[in-house]
Amino acid sequence: MNAIDFSPLFRSAIGFDRLARLMDTARNAPDATGYPPYNIEKTGEDSYVLTMAVAGFSEADLEITAQENTLTIAGKPQPQPEDGRRYLHRGIAGRAFERRFVLADHIVVEGADLANGLLHVALKQVVPETLKPRRIPVQGAQKAIEVETAQAA
């Protein structure tokens, strides 16, 4: 198995060790079955919508959990009575599933909506004020001495 060498990145970047772990996790993840199908759409500068086809599932059958940087969507359909039905072809999947999505830092789930067999999960990137760029004033040596003197008095 080939490993990705991030050492050139680490020479000039700080705090990207999480990126290396994320890449290793993605590389070692088992192949997904592709069920249920989904779309990820960027709807604005900092907003996204995850749309998942969940035909046959009701709101009570779905569980959405956001924990740390992982969004988990699980579906467990209620058992349906057969009522003597005989299917010639059964192509609508009604099996349980669990899908996990890795979220970037500061992505929050704003809400979810189920309509016409499609689950829409609204996501938004919300950067806290403390992490937004801010200007740091540069003080000269004389100004720093004046501040220290004023504090000592």
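The values are calculated or read from the model by the stated rules, or taken from the named source; none is laboratory data. The shown structure was predicted, so the numbers you read here are calculated from the model rather than taken from an experiment. When we count neighbours, we look across all protein chains shown, and the Cβ atoms used for this are built from the backbone with ideal geometry, even at glycine.
Could you check, for region 127-140, whether at least one of its residues is outside any strand (DSSP E or B), of a type outside the set (Val, Ile, Thr), at pLDDT 85 or above and surrounded by 13 or more Cβ atoms within 10 Å (Cβ to Cβ)?
No: zero hits.
Considering each residue of region 42-68, count those that are farther than 13 Å from residue 119 by Cβ, touching a strand residue (DSSP E or B) at 6+ places or on another chain (Cβ under 6 Å) and not hydroxyl-bearing (Ser, Thr, Tyr), and give that number.
Final tally of qualifying residues: 3.
Would you pick out the residues in region 79-125 that are in a loop (DSSP other than H, G, I, E, B), surrounded by 10 or more Cβ atoms within 10 Å (Cβ to Cβ) and hydrophobic (A, V, I, L, M, F, W, C)? First the steps, then the outcome.
So in region 79-125, the residues in a loop (DSSP other than H, G, I, E, B) come out as 79-96, 103-106, 116-117.
Those left that are additionally surrounded by 10 or more Cβ atoms within 10 Å (Cβ to Cβ): 93-96, 103-104, 106, 117.
If the condition is that a residue be in a loop (DSSP other than H, G, I, E, B), surrounded by 10 or more Cβ atoms within 10 Å (Cβ to Cβ) and hydrophobic (A, V, I, L, M, F, W, C), then 93, 96, 103, 104 are the ones that fit.
Would you be able to say whether some residue in region 79-98 is out of contact with any helix residue (DSSP H, G or I) (no Cβ under 9 Å at 6 or more places or on another chain), closer than 26 Å to residue 23 by Cβ and among the hydrophobic types (A, V, I, L, M, F, W, C)?
Looking for residues that are out of contact with any helix residue (DSSP H, G or I) (no Cβ under 9 Å at 6 or more places or on another chain), closer than 26 Å to residue 23 by Cβ and among the hydrophobic types (A, V, I, L, M, F, W, C), one finds at least one in region 79-98, hence yes.
Would you check which residues across region 49-78 are of a type in the set (S, T, N, Q) and either assigned to a strand (DSSP E or B) or without any contact (Cβ under 8 Å) to a residue 24 or more places away in the chain (or both) and list them? Give the derivation first.
Start the filter on region 49-78 by keeping residues that are of a type in the set (S, T, N, Q), which leaves 51, 58, 65, 67, 69-70, 72, 78.
If the condition is that a residue be of a type in the set (S, T, N, Q) and either assigned to a strand (DSSP E or B) or without any contact (Cβ under 8 Å) to a residue 24 or more places away in the chain (or both), then 51, 65, 67, 70, 72, 78 are the ones that fit.
Going by the structure shown, is residue 56 on the phi > 0 side of the Ramachandran plot, at pLDDT below 90, more than 17 Å from the chain's Cα centre (by Cα) and surrounded by 12 or more Cβ atoms within 10 Å (Cβ to Cβ)?
On the way: on the phi > 0 side of the Ramachandran plot: yes; at pLDDT below 90: yes; more than 17 Å from the chain's Cα centre (by Cα): yes; surrounded by 12 or more Cβ atoms within 10 Å (Cβ to Cβ): yes.
Yes; evaluated as a whole, the condition is true for this residue.
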